[in-house]
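Comments concern the structure below.
Each value in this text was obtained by applying a stated rule to the coordinates, not by laboratory testing. Because the structure is predicted, anything quoted here is derived from the model rather than measured. Note that we place each Cβ from the backbone using ideal geometry, even for glycine, and neighbour counts take in every protein chain shown.
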Amino acid sequence: MPVWGNERTMNLNTLILTNIQSSHYFKVNLYELKTYHEVIDEIYYKVQHLEPWEKGSRKTSGQTGMCGGVRGVGAGGIVSTAFCLLYKLFTLKLTRKQVTGLITHCDSPYIRALGFMYIRYTQPPGDLWDWYESFLDDEEEMDVRAGGGQTMTIGNILKSFLFKLEWYSTLFPRIPVPIQQQMEKKMSEKYPPVVEETPRRINIPERNFSRDRDDHRNRGDLSDTARPRERNERRERSHRDYRDRDYERKSSNANSRERSPYVSRRDEYKKSSSRSPKYGSSKRRDRDDYKSRSKY
């Protein structure tokens with residue numbers, strides 16, 4: 001089957017390809033595998049995720065894609081078993097029948113995933129939809145993250161291959177914009193947006209708004225000219241009631257102050273006080289009383 005793009009690098013990231021070709025696993029272990037079926041068996045027993053690097057083997061300081069920010073083969077990290085076997089499949093120069101056997105294999109989902117990834121790297125962008133369309137609803141699951149923790153279905157993986165350029169700190173070959181738009185249009189036709197209808201309420205009588213409007217207009221047999229007058233009278237009556245209540249409250253407070261027990265006691269004390277403004281002292285009062293009695 002012909003390869004689209006670079007026939008030497010398989011369109012892989014240069015850093016990943018260099019680490020693959022320099023790894024002991026690829027140079028020693030995979031060198032002994034000579035046939036297509038031997039590589040499939042190796043995928044079945046060895047592959048546990050789909051990331052390009054093993055967990056914790058590469059630090060990129062937050063950079064992704066081809067901007068790894070590292071130099072040298074050793075600084076790149078430990079390349080994953082999955083990508084070593086992917087490149088091994090590329091060296092075998094697979095036929096179309098063999099690629100079809102990969103993506104329809106029933107023993108392991110990782111065999112199928114590497115077959116789809118081989119198509120993504122080596123086939124023309126215009127042919128990707130024809131390869132992937134019949135598998136977009138595939139519900140077979142696998143864990144794609146190194147170390148586990150992210151389960152995806154085959155269908156979701158293929159949608160990511162089609163519409164996302166990045167895959168776990170590496171980049172797929174770019175798809176031209178016109179082809180990308182065509183695939184998005186086909187995707188929208190295959191999966192139209194679902195509009196949820198609001199459920200209607202059952203056994204609840206519908207309200208007659210026209211009748212309510214007529215009842216509101218005819219309430220109290222008031223005409224349109226009488227309604228503002230009634231509103232003004234009601235407003236004046238409320239203000240008048242407020243003034244009356246305010247006056248009653250103030251008058252009640254005043255009466256309560258006049259009837260205060262402290263005021264009455266103070267008055268009684270003044271009346272019964274021995275010091276009077278008229279007499280001034282008790283001796284003078286007694287003298288005046290004696291003089292008044294002596295007259296009679």
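For the reader, a short list of remarks on this structure follows.
- Separation of the residue 191 and residue 93 label points, Cα + 7 Å toward Cβ, nm: 3.8 nm
- For segment 14-190, the ratio of Cα radius of gyration to the globular rule of thumb 2.2 N^0.38 Å stands at 1.02.
- Projected label points at residue 159 and residue 9, each 7 Å from Cα along the beta carbon direction, are separated by 3.2 nanometres.
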